[in-house]
Every structure is written in C-alpha cells, then in structure tokens.
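Everything on this sheet refers to the single structure shown next.
The values are calculated or read from the model by the stated rules, or taken from the named source; none is laboratory data. Given the structure is predicted, the values throughout are model-derived calculations rather than measurements. Counting neighbours? That spans all protein chains shown, and the Cβs are built from the backbone with ideal geometry, glycine included. Side chains are part of the model used for accessible areas, which takes the heavy atoms of the whole protein and leaves out ligands, DNA and RNA. Shrake-Rupley method; radii C 1.70, N 1.55, O 1.52, S 1.80 Å.
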Amino acid sequence: MGIRRFFMGWDQPIVELANEFLVKELSEELISKTLIVVPSKQAARKLKNLYRKNSKFDKYPIFGTPETALDLFDKDSERPATKTEKSLAWALTLKNIKLTQLRNIFPISPPDRSMNWALRTSNTFISLKNSLNEAGLNVSDVIENEGQDFADISRWKELEHLESIVESSLKENDLSHLSKSFLNLPSDIGDIEQIILIGLPDPPKILTDAMQSISESHKISIVIYAPDSEQSSFSEWGRPMTENWSNHKINIPNAESSIRHVSSPDEQSREVGSIISEHSDPLGMVGIINNDTELIPSLKSELKKHNLNAYNPSGELCSNQEIYATLSLFRDLMSSGSFESAIEALKHPEIINHIVINNEDIQIETTNQIDTVNTNNDDPELKAANILVSLDRIKDKHIPTSLDTALDFSSKNERLKLTNSALKQLKEWLDLLQDNLIENLPGILQSIYSEREFNPEEDKGFSHTAECLNSILDEISSSPLQSMDGSEQLNFILSALKNEGIPEKREPNSLDIQGWLEVLWEDSPHLIITGMNEGSVPDRIAGDIFLPDSLRSKLGLRNNESILARDNYIFNATLNWRNSCGRVDIILGKESLEGNPLKPSRLLFQCNDSELADRALSLCSRINSSEIIHPWTSAWKLRPEKIDKDAKIFEEIS
C-alpha cells in the first residue's frame, strides 16, 4: 500500500486544517480502524473534539501519540522497568562492580563510591539508554552498526558489559530495560488498518521504522503542515530537511515592538500580564508558550492578578513539595550527623511544632532558657522560639560539631532541658531511620504532620508526593537496597522523587502554559512566547560524553542540526497564519533566576540582512540604557602601620 505524503498548507491553524483533511479523507469502512498520531495528548484532545463536531459518521478513529502507536507493536510479555527500577538497577551495579573491568570508562577510580555517587553517575548511562531508545537501539546494536573500525570501540565494549549486567539484574524480577526495534517485525497490529501521522515534524526513528515495517500491508499517510511549494524541503516522514531549514529566514512582523527583551524572570512574567491586560476576555484569544521552567511560578502569580488561573499540562515536580524538603533535611542529618544539620531540621515548622506539642519531656519542663523573655510558659510557639534561640546561642558560643556533642553538652546544663529534649527527639528519629528506614520513615512523617489539617484540594500535591514515596518504599523493600545504609536508601528515594510529576487539574478561567513543542498546535490568534533564549529554543545537546553529534546523526537520532531545522520550521509555521489574522509577542530574558547571563535565541537573528544589524544591536545591548553600572571599588583603603624592620615578627612566626 505504501507511504503517502499530503501537504495541507499553513494559512490556517493546524487543528482546523487537520480536521478538514480527516473529514475529507476518512472513509466509513476504515474510520474505526484508523489511528491518528499527533505529537502530544493536548494536540490529540483538541483534534478529537473538533473532529467529533464535524464528522458525518457515527464511528470515530483513535487519536493518540507516538507512544500509542508503538504500543500496538510491543507484543513482549516482559514488563519494561520503571524509571525507579532502572535507576536502582544501574546505581547498584555501579556501586558493586569492580572498576578494573571499566578502565576505559573510569580511568581513575572515584574516591567516594557511595550510593549518592552511584545515583549521580547512573543518570549519565540512563540518559544514553534513553537517547538510543529513540531509534530502538541498544549499546550492542551501536557496536554492530559501527563495526570494528569504530574509534571508541573500547569504551562501548565496556558499556555493553555494563548494560548486560544491569539487564541480568532486572531479569531476576521479570523486567527489562532493553530497547526494541520494530523494523523487521511481523505486521500484525490488531484491528488497525490505517495510520495517519499529522503535524509531527520530529517523529522518533523507532516510530518511522515501525511504520516502514507495515507499509506494504497498511495505509500510512504523512500529513505535513506546509504548502505544496515546500515539498522538496521535507523528508518522506515529514521531517524538515536540515539543508533547507537550518538557515531558513524567519520573518517576524513588527519585530521592533513584538520582541521584548527584559532583565529577569519576574519581569518576563510582568510583561505577559501587561500584554494580557489589553484583552477584556483573553480566554480563547491568547495562548502562552513558555520555554523556561523558572518562569512558571511567577507566571501563575501574575495571571492570578488578572483573575486568571494557569494550567500547566506537564504538572509540578515532587521536588517542589514540602515532603521532599523534609526528607532532604533528614538525609543531610543522616549523612553528616552535624549540629548544623540538626539546627536546620529543627527550624522546619512542622518538626519543631510536633516536638513541642507531643514530646512529654518538653511538656513537663519549665522554660528557664538562656536569655529568653519571660512570657506564658504554655505557649507552644514561645517554647519553639526558645529552643531555636538556645540552639543558635549554643552554636555561636560553644561550636559543637555534631548532634551527639550538642546532646552531651545540653544534658549537663539545667537551663537547656527544653533544648536537650528537642535534640533527643531528633536523635531518636535518626536512630530509627538508621535501624530500618523503609519501615520507620512513614511513621515518622505521620507523626510530624499529625497536627496539620489538610485540605483535599489545596494539598493534592502533598498527597500525590506521599503516594509516590510509598510506591518507592515498596520497590526498595523487595530490592538489594533494603540491606544498605539508611542514608543511601534516603539518597535513592530523593533521587527517584526528584523528577516525578504531579498532574494538575484544569481550573475554570484557565490559560494553558505550554512548552515549545506544543506551539504548532496552539490555535489562539494572539500568541505570547516567553523564555526565547538560546539553549531553550532551539534546544541544544551539549557535551555528551558517549554520543557526540556526529554519531547521533549516523544513528538517526535527534542532533543539534535536526533540532535547529525543526525549531526553525516550527517558528515559521507558527508565525505564518498569524501574519494576516493574529499577533505574536516574543519575550526573552537577559538573566536567569540566579543572575546568570542568558543569550537571545539564534532564531531571532535569522532575519533579512537589512534587519540584522538593528536586531543585533537591540538584543545585545544593555536593556536599560539609562542604568549606569559603576565599576567595583573598595569601601575603604587599608593603611597598615609601618613596622620596624628589626621587629620580632620578621624573625619568627610564634
């Protein structure tokens, strides 16, 4: 049946043109046996809703993402390992393997082979595996493809050895982390007879290989968001050709007013608020594309000022939740045992409040503390404040290095009984965690948060993080990590929790805050793009120690040239239909949240030569020309006294 390409133009929003294409092309006998593949769930939802309003049939096709299509081909009974299971398997392998077997990867043995080191290092290998998975490749496949002339064969042979050890450990639990290629598999994919890829400018190679394998027995259509005149600038699978798009000119209408270069993330968000305020009802009229995650909190806050909610489809990270911060405090205390980390733990409001309210020793003591004010002794907040004041004074005057030293010192001082009781409770928790972290951690957290009243709506993030934590603890309990040190277990828990997402609920009066790869499917006539800085758009793969750009290109993986061509095409297509009936505002920052300098996106400089000098001058000069930054000068000049050359100091040091 073969593979056919269709060009639907780009003079209207892609959702509308895709809907028109489906209404025209889908036949009644095939409609329920058709899979429509679009880049994301958001795009699938939009197209599905519009098509159902316009379809003349009672049946509908299946709408999905590349993952939906790949699931049709995956007939393997083995369950793929989760992110947590892969991370654990790699970390344990790196911690226990003899590095003498891996001298090309680790020419020098690390001085500290703790679980923390193993987790950090495992991220590099997991990232390599994820990249290879784009093409359905494993390390052994790369070696086979490149042959014995492969310049880096020694390191890749060791990588293959590592990969096989990790796979063997996963196989013990009927799991696998190997990639699957669908290029030469049987063409049975159930009831599906037709697959249509729409507006997918960057299909992974594993997907195109799968489509190739069934192209003789199934109808495969590639629908490209571009006019017929651009046929020669796209590949068979709808990818923008690098030679055509890497340096393609980008015409930004009214660039002088539509490109806004401001200083900080907060200023970018305020600029968004200012633009939105021009609309009496921005819902359905304004779309926000954000390329910098640092902006999301301030964007949400700014939208609130305009009585609008923000919906972030990618959700929030568990690492932003309070439980994660609490676990981090216990991890620091367990790993160092320092008095400094004990103070930080007791400064946590929930921890100190629980200790003050529930610790029996504190309840029967009187608050005869060092240098504290004489107030109501029954006030829990005063008791907590007295303990924290005493801790600071002990730190300043006596400088104990460890929690044990501080406990010993406070136990000998009658005026520090409250403080000693608080430190004893912390020590008790620490001993429980060291003894059996998996069993005792949930109980300790329940105790700490027992006094808190939870709101089901406002504390959904907290609840979701707690569920993720329980799931991770269950996974650890049946793994070799259960026999390891408590601090290493806690390191793994934090590593696994760090990038877990919390799904958001779409509230009424919400504006979506979407990422760059959603911009093609955003159909609002007025588009605001934030974070238009180099490294965000185009995305950049920098310094990969195993997969340099040249090797990525040979293996058919995404590389810097293909990403640049893709993003240039997306930017052109986004601007095109809005030139006549819409508006695009582009906002970029000069500094990150931490004050690091940011560069403008290179796409902003791919304009006509006649505009380039002025564009470069406006984007690379100081933001506020009235702001004068004076050079650093010392506040005062050191004037040392003259010393007699025969002075004793010149003869001996002490």
- request: State which residue is most open to solvent (accessible area, probe 1.4 Å) when the search covers only region 501-519 and only residues that are out of contact with any His (no Cβ under 9 Å at 6 or more places or on another chain) and assigned to a loop (DSSP other than H, G, I, E, B).
  value: 505
- prompt: among the small types (Gly, Ala, Ser), more than 30 Å from residue 567 (Cβ to Cβ) and out of contact with any Phe, Trp or Tyr (no Cβ under 7 Å at 6 or more places or on another chain): does that describe residue 164?
  reply: yes
message: Here's a check for you: in region 270-299, which residue that is under 23 Å from the mean Cα position of the chain (by Cα) and without any contact (Cβ under 8 Å) to a residue 40 or more places away in the chain is most open to solvent (accessible area, probe 1.4 Å)?
response: 293
statement: When restricted to 557, 481, 527, the only residue open to solvent by less than 10 Å² (accessible area, probe 1.4 Å) and within 30 Å of residue 173 (Cα to Cα) is 481
- line: Subset of region 306-347, residues aliphatic (A, V, I, L, M) and under 20 Å from residue 424 (Cβ atoms), comes to 329, 333, 334, 342, 343, 345, 346
message: If I filter region 580-602 for residues that are out of contact with any Cys (no Cβ under 6 Å at 6 or more places or on another chain), under 17 Å from residue 225 (Cβ atoms) and in a helix (DSSP H, G or I), do I get at least one hit?
response: yes
field: Tally, over region 38-58, of residues that are open to solvent by less than 40 Å² (accessible area, probe 1.4 Å), without any contact (Cβ under 8 Å) to a residue 60 or more places away in the chain and either touching an Asp or Glu at 6+ places or on another chain (Cβ under 7 Å) or over 23 Å from residue 208 (Cα atoms) (or both)
entry: 3
task: Kindly indicate whether residue 276 is β-branched (Val, Ile, Thr) and touching a Phe, Trp or Tyr at 6+ places or on another chain (Cβ under 9 Å).
output: no
Members of region 421-456 that are within 17 Å of residue 404 (Cα to Cα) and open to solvent by less than 20 Å² (accessible area, probe 1.4 Å): 421, 422, 423, 426, 429, 430, 433
- prompt: Out of curiosity, is residue 375 surrounded by 18 or more Cβ atoms within 10 Å (Cβ to Cβ), modelled with pLDDT under 90 and not acidic (Asp, Glu)?
  reply: no
query: Out of all the residues in region 1-30, which are open to solvent by less than 40 Å² (accessible area, probe 1.4 Å) and either under 32 Å from the mean Cα position of the chain (by Cα) or among the aliphatic types (A, V, I, L, M) (or both)?
result: 8, 10, 13, 14, 15, 17, 18, 22, 26, 30
task: Could you look through region 194-219, keep only residues that are in a loop (DSSP other than H, G, I, E, B) and in contact with a strand residue (DSSP E or B) (Cβ under 8 Å, 6 or more places away or on another chain), and pick out the one that is surrounded by the most Cβ atoms within 10 Å (Cβ to Cβ)?
output: 200
